[in-house]
Amino acid sequence: MQDCRKVLIKMYNTLYKVFGPQHWWPGDGAFEVAVGAILTQNTNWSNVEKAIDNLKSNGHLSARALHDMHVKKLAPLIRPAGYFNIKAKRLKAFIDFLMKHYRGSMKRMAREDIHVLRDRLLSINGIGPETADSILLYALDKPVFVVDAYTKRVLQRHGLVNEKATYHEVQELFHKNLPEDVGLFNEYHALFVRIGKEFCRPKPRCEECPLRDL
């Protein structure tokens with residue numbers, strides 16, 4: 001896997017040199033980051049920011065406030081994030097989990113064993129691998145690589161994975177070939193999002209792509 005390791009490191013260094021640090025994930029504290037990870041499903045970040053601002057401005061951006069709020073009151077507040085009725089239920093399910101297991105504390109959650117915690121997160125209705133890993137990495141500073149559509153697309157086009165590769169298989173590519181470093185995983189994933197949005201689109205801009213010579 002030495003060649004793969006070299007390609008991954010070269011890819012990261014190239015992206016970082018071109019784009020610089022991405023300062024991702026935006027949010028005031030671990031709880032806000034976790035809420036954002038749930039709300040960002042199937043929408044863009046600008047819409048999530050509007051929904052989070054609604055919660056903040058109404059004094060509802062806390063585990064206790066959201067736990068005490070009826071889902072029918074929560075849904076209109078997060079309307080900008082889209083699929084707001086579904087996401088309200090998912091957010092409430094996460095909050096119930098947080099209150100039940102960790103008394104509403106992200107700090108207590110962060111002390112949990114990473115494998116136990118990941119399994120618990122995946123048991124919550126509406127939380128899949130990408131959302132669970134986003135919470136682990138960005139909210140709780142756990143060394144787990146987040147895989148999304150941008151990541152898989154870039155890797156496929158560079159011959160590092162095939163189109164049938166599972167989430168776990170793509171994730172293992174990073175876990176086996178890179179050091180378990182929270183900062184590295186954080187920055188690398190954000191850079192994949194950047195290159196995926198600007199160059200490695202469904203209709204790619206290969207001739208202008210910084211990774212064209214890899």
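The values are calculated or read from the model by the stated rules, or taken from the named source; none is laboratory data. Being a predicted model, the structure only gives us computed values, none of them experimental. As a convention, Cβ positions derive from the backbone with ideal geometry for all residues, glycine included, and neighbour counts pool all protein chains shown.
Below, the figures for the structure above:
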{"read-out": "Unmet requirement for PHE19, which otherwise passes all of (1) at pLDDT below 95; (2) surrounded by fewer than 18 Cβ atoms within 10 Å (Cβ to Cβ)", "value": "(1)"}
{"read-out": "Any hit, segment 173-180, residues being free of Cβ contacts under 8 Å to residues at least 24 places away in the same chain, outside any loop (DSSP other than H, G, I, E, B) and of a type in the set (S, T, N, Q)", "value": "no"}
{"read-out": "Failed criterion for PRO143 (all others in (1) farther than 17 Å from GLU187 by Cβ; (2) modelled with pLDDT of 95 or more; (3) surrounded by fewer than 19 Cβ atoms within 10 Å (Cβ to Cβ) hold)", "value": "(1)"}
{"read-out": "Segments classed as helices (runs of 4 or more DSSP H), wholly inside segment 22-93, with at least 3 members that are touching a residue at least 60 places away in the same chain (Cβ under 8 Å) and not basic (Lys, Arg)", "value": "30-39"}
{"read-out": "Test: residue in segment 81-104 that is surrounded by 14 or more Cβ atoms within 10 Å (Cβ to Cβ), over 22 Å from ALA149 (Cα atoms) and at pLDDT below 95", "value": "no"}
{"read-out": "Residue tally, condition buried (at least 17 other Cβ atoms within 10 Å of the Cβ), farther than 19 Å from LEU140 by Cα and out of contact with any Ser or Thr (no Cβ under 7 Å at 6 or more places or on another chain), over segment 164-173", "value": "2"}
{"read-out": "Residue list for segment 158-188, filter: of a type in the set (S, T, N, Q) and more than 17 Å from HIS23 (Cα to Cα)", "value": "ASN162, THR166, GLN171, ASN177"}
{"read-out": "All positions within segment 1-21 that are in a helix (DSSP H, G or I) and among the hydrophobic types (A, V, I, L, M, F, W, C)", "value": "CYS4, VAL7, LEU8, ILE9, MET11, LEU15, VAL18, PHE19"}
{"read-out": "Out of LEU191, LEU155, sole residue that is under 16 Å from PHE19 (Cα atoms) and within 21 Å of the chain's Cα centre (by Cα)", "value": "LEU191"}
